[in-house]
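The values are calculated or read from the model by the stated rules, or taken from the named source; none is laboratory data. Because the structure is a prediction, the values reported are computed rather than measured. All Cβ positions, even for glycine, are placed from backbone atoms using ideal geometry, and neighbour counts span all protein chains on display. The protein model used for the area step is the full one, side chains on, heavy atoms only, and it has no ligands, DNA or RNA in it. Shrake-Rupley method; radii C 1.70, N 1.55, O 1.52, S 1.80 Å.
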Amino acid sequence: QVQLVESGGGLVQAGGSLRLSCAASGLTFGSYAMGWFRQAPGRGRELVADINWWGGTTYYADSVKGRFTISRDDDKNTMYLQMNSLKPEDTAVYYCAVGLTNSALRRKECDYWGQGTQVTVSS
């Protein structure tokens, strides 16, 4: 049974930082591209960042470029999202997901999703 479990969300003031983690089990972690999505109230789910299966290629949405960093540790079956200089508009539920390729993630053709973790940034 595949499980993706996010953690690290919470309430932070604007300008602050958070690090999200996504722990995976039940799959061959190193075979998948992975990504972070977010969904704010009343809005669709959007891709924030993704990383390919060996960690050599990353993608960031323009809205987070230069502030967020995605990484993965295949020894720990865990993916991370370091979020710095947080803004109120970053407030959303953040989801991790896996897919066969980065392109699949960008089409939201994800094989598995986590349950989400809330990030709230106060002004």
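Between SER7 and ARG106, what is the FRET efficiency for a Förster distance of 30 Å, r being their Cβ-Cβ separation, to the nearest 0.05?
Computed FRET efficiency for SER7 and ARG106 comes out at 0.75.
Measure out, as a whole number of angstrom, how far apart the alpha-carbon centroids of the stretch 50-78 and the stretch 102-118 sit.
Rounded to whole Å, the Cα centres lie 13 Å apart.
Carbon-plus-sulfur fraction of the accessible area of the chain, 1.4 Å probe, in percent?
On the chain, the fraction of accessible area on carbon and sulfur atoms equals 46 percent.
Rounded to the nearest 10 Å², what accessible area does LYS87 have for a 1.4 Å probe in the complete protein model?
Accessible surface of LYS87 is approximately 80 Å².
With every protein chain present, what is the per residue accessible area of the chain (1.4 Å probe, Å²)?
Heavy-atom accessible area per residue stands at 50 Å².
If you rank ASP62, ASP75, ASP111 by how much accessible surface each has, with a 1.4 Å probe, what is the order from largest down?
ASP75, ASP62, ASP111
On the first, second and third principal axes, largest extent first, how far apart are the outermost C-alpha atoms of the stretch 21-78 in Å?
35, 23, 15
Summing -39500 (n - 2.57) over the DSSP H runs of n ≥ 4 in the chain and dividing by its residue number, what mean residue ellipticity at 222 nm do you reach, to the nearest 500 deg cm²/dmol?
When only DSSP H runs of four or more count, the value is -1000 deg cm²/dmol.
Label-point separation (nm) for LYS65 and GLN115, each offset 7 Å from Cα along Cα-to-Cβ?
Each label point lies 7 Å from its Cα, and together they span 3.5 nm.
From the protein chains alone at 1.4 Å, what is the descending order of accessible area for TRP36, TRP53, TRP113, largest first?
Sorted by accessible area, descending: TRP53, TRP113, TRP36.
Can you give the % of DSSP beta bridges in the chain that are antiparallel, to the nearest 5?
Here the share of antiparallel DSSP bridges comes out near 90 percent.
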